[in-house]
Number of protein chains: 2
Amino acid sequence: MSIAHALSGEPIDVTPYDARLGEQRSAALFKSEQLEVIRLVLSAGKSMPMHKVSGEITIQCIEGELDVQVDGNSTRLLAGQLMFLLGSVPHSVTAIANASALVTLVLNQ
Amino acid sequence: MSIAHALSGEPIDVTPYDARLGEQRSAALFKSEQLEVIRLVLSAGKSMPMHKVSGEITIQCIEGELDVQVDGNSTRLLAGQLMFLLGSVPHSVTAIANASALVTLVLNQ
């Protein structure tokens, strides 16, 4: 995954990929000192396996449908819904339908 | 502005308010240890005056159109565009059209 560093103050397009979704891959939108924002792309049935990060995160479903597994609980995240997770919480994410999402991570400081 | 504390792992609706936009007010969606996410609502012509926060932030325009002023530069932020700003950068935000936005702030730690 190559990391493009957007400049502070520069607009970044985060609209749905729609018909172009199938051609997209996950990519970092920017990484700064405190924050990293990733545009996650997952095809239906694919998963980001169980993992954890030390900082707090938000996951915002831009299109499609995700299932987020935390502590044995499964929560659907539809387009236009946002979830935040405390730091160090093991979680996995599975696409129920082809999906893209914004993942915002607070980096270790 | 009352602060509703969403629980970690709970879906939060961030779809456009559309026809209901005129009835909405700015509100915090959640505030945790490292992150605060605010749904900012600004009527056309209204501004959030010049200010700065110590942590890095992102501003994601959900609907309408914003103008973000930083260092004497003016940048339009359309629905579906996201901007990040380094910490301690003075900025102001003016609605060009009735708008709502997600503002994500890294809190002091």
Filter the range A:15-46 for residues that are touching a Ser or Thr at 6+ places or on another chain (Cβ under 8 Å) and part of a helix (DSSP H, G or I); which is modelled with the highest pLDDT?
-> A:LEU21
Among the residues of the range B:40-83 satisfying the criterion of being within 22 Å of A:ALA28 (Cβ to Cβ) and either hydroxyl-bearing (Ser, Thr, Tyr) or touching a Phe, Trp or Tyr at 6+ places or on another chain (Cβ under 6 Å) (or both), which is least open to solvent (accessible area, probe 1.4 Å)?
-> B:THR58
Within the set of pairs 6+ apart or on separate chains, which have a first residue in the range A:89-109 that is more than 13 Å from chain B (Cβ to nearest Cβ), a second that is open to solvent by less than 30 Å² (accessible area, probe 1.4 Å) and among the charged types (D, E, K, R), and C-beta atoms under 7 Å apart?
-> A:THR94/A:ASP67; A:ILE96/A:ASP67; A:ALA99/A:GLU63
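The values are calculated or read from the model by the stated rules, or taken from the named source; none is laboratory data. On a predicted model such as this, the values are computed, not experimentally measured, just so you know. Positions of Cβ are backbone-derived with ideal geometry, glycine not excepted, and every protein chain shown enters the neighbour counts. To get the accessible areas, we keep the full protein, side chains included, count just its heavy atoms, and leave off ligands, DNA and RNA. Shrake-Rupley method; radii C 1.70, N 1.55, O 1.52, S 1.80 Å.
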